[in-house]
Amino acid sequence: MTKANMSEGNIRQKNKAIIFSAAKKEFVTYGFKGASIKRIAERAGIARANIHYYFKDKTDLYQQLLSNIIEVWNTDYDTLSADQAPKEAISTYIRAKVMHSKNDPDSSRIFASELIHGAPILHDYLNTDFKTWLQSQVAIIESWVEKGQMDKVNPHHLLFLIWSSTQHYADFNAQVVAALDKEAMSDDDFEEVVASLTQIIIKGCGIK
């Protein structure tokens, strides 16, 4: 690859990241139907034509944004490993998921909205790649159970519990801060979430 091609690729990657960041705010605020390419361009501080250079239309942008969110999750937050002890692996996974809710709540909210609306864009993914990935995680938990390293729990429901409890702090943050009588959650608040969920889940799974 030539330096020119590398430079062009870096520019493309940087511009798409800027557009994705602006699109997250737009889709969270207005939903898919109410979102506007014009406002996304304004949020990104770029010409509308530049968005159409990378994306055919709003649907294409939304689809690529969802794919980007999933790719990041699979890369940065897929931490379960059969080589680890379950306490270490599950604790690390809970922390990663909570910190994702803290650092990138919009991604979680967009993903949740897509599922709440019946997953029209993610339907094929949920029935193909997602199932393959999920089965790999289920197999890891089953291996821990078979080795006597944790109680016999349903792996699917354990994962659903971790996902729902950690993403709650992104998807339902308005409710959380109201309940806690705060304007916003602090770093210490999120550390307390990690500690509480870890204790509850680890103990609930009978992990020593």
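Over all pairs of different C-alpha atoms, the chain has a mean inverse distance whose reciprocal, the Kirkwood radius, equals 19.1 Å. Please determine, in degrees from 0 to 90 and to the nearest 10, the orientation of helix 187-204 with respect to the longest principal axis defined by the Cα atoms of the chain, where the helix direction is its Cα long axis. Rounded to the nearest ten degrees, it is 40. Shape descriptor for segment 1-57: Rg over Rh equals 1.07 (Cα atoms; Rh from the Kirkwood inverse mean 1/r). Kirkwood-type hydrodynamic radius, segment 107-208: 15.8 Å, calculated from all non-identical alpha-carbon pairs. Could you give the distance between the Cα centres of segment 157-208 and segment 25-83, to the whole Å? Comparing the Cα centres of segment 157-208 and segment 25-83, I get a distance of 26 Å.
No value in this document is a laboratory result; all are computed from the given coordinates. None of these values were measured; they are calculated from a predicted model.
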